[in-house]
1. Would you check if V166 is within 19 Å of L210 (Cβ to Cβ) and of a type in the set (A, V, I, L, M, F, W, C)?
2. For the list (1) crowded, with 22+ Cβ neighbours inside 10 Å; (2) within 30 Å of Q90 (Cα to Cα), I need the number of the one condition that N173 fails.
3. Quick one: which of F121, F169 is at pLDDT 95 or above and within 30 Å of A85 (Cβ to Cβ)?
4. Out of all the residues in the range 7-42, which are assigned to a loop (DSSP other than H, G, I, E, B), touching a residue at least 24 places away in the same chain (Cβ under 8 Å) and farther than 20 Å from I62 by Cβ?
5. So, in the range 178-199, exactly how many residues are part of a helix (DSSP H, G or I) and either aliphatic (A, V, I, L, M) or on the phi > 0 side of the Ramachandran plot (or both)?
6. How many of the residues in the range 108-126 are over 20 Å from the mean Cα position of the chain (by Cα) and either over 22 Å from E178 (Cα atoms) or not aliphatic (A, V, I, L, M) (or both)?
7. Sort out which residues of the range 112-126 are out of contact with any Phe, Trp or Tyr (no Cβ under 7 Å at 6 or more places or on another chain) and surrounded by 18 or more Cβ atoms within 10 Å (Cβ to Cβ), and write them in order of number.
Amino acid sequence: MQPALSTSEKYLWQYVQEHETEIVNNSIVELSEKANVSTATIVRTMKKMGYSGYTPFRQEIIQKLADKTHHNDILKDTDHEIRTAILKNQYEVDNTIQNLNIGVMEDAIQKVNNAKHIYIFARGLSKLIGEDILLKFELLRKDVQLHDDPNIIKTLSKQITGSDTVVLFLTLNGNTPELVNAAQSLAHNEVTTITFTCNNAGQIIPYSDLIFLGVKSAESYFPKYEIRSRLPLQILTRIFLDAFAIRIQRHHL
């Protein structure tokens with residue numbers, strides 16, 4: 001735990017955060033004059049914040065600004081359309097991670113850990129993500145099945161019962177008819193369902209117990225085909241699987 005900062009130390013820390021681009025060229029004496037605090041206060045503040053002194057802190061700021069400048073230079077020299085594609089992916093990654101609900105994550109980990117049987121239902125390209133989940137659950141010695149055939153999904157969803165079973169849905173738009181119908185049947189049978197989707201208004205939502213909600217952009221570079229980015233679903237499932245594996249190994253659940 002970091003020591004509490006005094007009033008002057010809090011002021012200094014706020015000052016350096018707001019003047020990063022200026023202090024990279026300032027010595028400790030110059031910073032002392034500009035911030036109107038003593039050099040002793042600067043050293044004391046840096047140590048409380050985990051640095052050995054002002055110089056290591058300043059070097060970290062210099063590196064951070066250099067990395068940011070390099071990133072911006074790369075985008076600046078890139079074709080406009082390609083730059084748009086890069087930022088599209090960054091938008092999906094950043095916002096999907098920001099949208100994560102830790103409470104849902106914890107509940108899902110417990111549900112899957114306690115389940116004797118796990119089913120994964122996916123259609124289209126989402127099946128590829130399902131295959132990754134299938135492999136990792138198998139490595140963790142879970143009893144798991146993956147299905148993408150609509151008739152099998154329809155039949156199984158009516159037959160599956162029991163509190164020891166969990167069904168995972170992978171559906172980008174949350175409106176795939178066979179998946180919505182399956183979720184409805186499972187809700188009727190009181191089977192726990194976990195849905196990974198990018199549509200909080202999807203028809204599957206009311207029949208889902210736990211929901212991982214990703215964020216996807218509206219842009220598509222294959223407008224003639226129904227091919228949308230599954231990146232948000234990949235991010236959500238990867239984080240969930242990593243978190244699940246960590247808990248299993250740490251607590252030997």
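The values are calculated or read from the model by the stated rules, or taken from the named source; none is laboratory data. As the structure is a prediction and not an experimental result, all values here were calculated from the model. Counting neighbours? That spans all protein chains shown, and the Cβs are built from the backbone with ideal geometry, glycine included.
1. Details: within 19 Å of L210 (Cβ to Cβ): yes; of a type in the set (A, V, I, L, M, F, W, C): yes.
Against the criterion (within 19 Å of L210 (Cβ to Cβ) and of a type in the set (A, V, I, L, M, F, W, C)), V166 qualifies.
2. Failing condition for N173: (1).
3. Numbers: F121 fails: within 30 Å of A85 (Cβ to Cβ).
Testing whether each residue is at pLDDT 95 or above and within 30 Å of A85 (Cβ to Cβ) leaves just F169.
4. V37
5. Of all residues in the range 178-199, those part of a helix (DSSP H, G or I) come to 178-188.
Checking the rest, the ones that are also either aliphatic (A, V, I, L, M) or on the phi > 0 side of the Ramachandran plot (or both) come to 179-180, 182-183, 186-187.
Count: 6.
6. 9
7. First, pick out the residues of the range 112-126 that are out of contact with any Phe, Trp or Tyr (no Cβ under 7 Å at 6 or more places or on another chain): 113-117, 119-120, 122-126.
Residues satisfying the conditions are A115, Y119, I120, A122, R123, S126.
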